[in-house]
Amino acid sequence: RHPQSLQNLVAAGHEIGNHTWSHPSLSGLSDGAILSQLDRTTQAVYEAVGRPPVTIRPPYGNLNPRQRRMVFETRGMPTVLWSIDPEDWRRPGSSVVAQRIVSRAHPGAVVLAHDIHRIEMQNGLEFPQQCADPACMVEILKIALADGFQVDKHRGFVANLVHPLGAD
């Protein structure tokens, strides 16, 4: 639906992952239905940016260990999950989201962040109003730095990959 957004992300050096075509809970689907969801999305991403997604983040985190293994063995995509869910999708406000993230932070933590409400910026770029909103990120950094966290300028944001064979 948004090939230019994908192209901008790739041009900025970001990795593209697969989040399925229609956002179903995958754990209740057959292997064929899961692969259909992934393949349709992979094709769309490939057509937009000339390369396929390299990971999968299943909607709701619902992909059991056997299914993770199957996806890795058939499509070569490891599963990416999270360790902190600030429930930003409930729209509690950026200060609440920021506090939840910082209070639950620990070394190696992976934060689930949604871009559920979008606003248009002057230069035509879209920025979400929840967890990935610049105001929310500033709030997170302020609280984290005040709590003694440090920003690793060399690594940036790194996803914690769940072992494809189901070992979390």
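The values are calculated or read from the model by the stated rules, or taken from the named source; none is laboratory data. Every value quoted in this text rests on a predicted model; they were computed, and no experiment measured them. Cβ: placed from backbone, ideal geometry, glycine included. Neighbour counts: every protein chain shown. The protein model used for the area step is the full one, side chains on, heavy atoms only, and it has no ligands, DNA or RNA in it. Shrake-Rupley method; radii C 1.70, N 1.55, O 1.52, S 1.80 Å.
Residue by residue, the stretch 99-112 carries 3J(HN,Hα) couplings of 4, 4, 5, 5, 5, 9, 5, 7, x, x, 5, 10, 9, 7 Hz when phi is fed to the Karplus relation 6.51 cos²θ - 1.76 cosθ + 1.60 (θ = phi - 60°); x denotes Gly or Pro. Starting from the Cα of S5, move 7 Å in the Cα-to-Cβ direction to define the label point; list residues of the stretch 87-114 whose amide nitrogen is under 18 Å from there. The answer is 88-91, 112-114. Given a 1.4 Å probe and the protein chains as shown, E47 ends up with an accessible area of around 130 Å². Using a probe of 1.4 Å, the accessible surface attributed to I34 totals some 0 Å² when neighbouring protein chains are kept in position.
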